[in-house]
């Protein structure tokens, strides 16, 4: 018994070449979309070669794959199962691909915004207040505690005036030098 793949999915290659092309586009693009979401921008080297945006813009690997998957799926459905002509199916495929790509762009931007808001650098703390958790001795290093990015953090600290600052004191962060926070008593 010889089973042909195209007979299995009920497509006659001689009469419905457009449907097969739409099907291949949809399947390959959907697989690529899944792979890029699972592995990240695994194909970002293509982006460098053709200047494709790898951020939350509209031209990244995920949005292009989503557009092609939507395009192929809608065109495949219309041409293969509803006997719509190739050109009309392709036009409807474009209209189906746009919301698919748009939803992926919005999802990507949401993830990027969330990831960007969770990180910070010490220089972002200038002007903020902190609590001394280990005495800052005269011309020495102590420790402060501060709230940032949804958590409590600590850092090494020195007094801006080279004076002793007691544990439990509230201080204002003036600057950051070589990974150490320079503070002044807030009172």
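Quick note: the coordinates plus some simple rules give every number you see, no bench work behind them. Quick caveat: nothing in here was measured; it's all calculated off a predicted structure. With ideal geometry, Cβ positions are generated from the backbone for all residues, glycine too; neighbour counts draw on all protein chains shown.
Neighbouring Cβ atoms within 10 Å as the yardstick, rank 124, 83 fewest first.
Working: 124 13, 83 10.
Arranged by neighbour count, lowest to highest, 124, 83 become 83, 124.
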If you take the beta carbon distance between residue 98 and residue 39 as r and set R0 to 22 Å, what does 1/(1 + (r/R0)^6) give as a FRET efficiency, to the nearest 0.05? 0.30
Report the extension gain between residue 126 and residue 27 in nm, rounded to one decimal, defined as 0.36 nm multiplied by the number of residues separating them, less their alpha carbon distance. 30.5 nm
With the crude spin-label approximation of a point 7 Å out along Cα→Cβ, what separation in nm comes out for residue 81 versus residue 184? 7.1
So, in nm, how far is label residue 145 from label residue 167 when the simple model puts each one 7 Å beyond its Cα toward the Cβ? 1.1
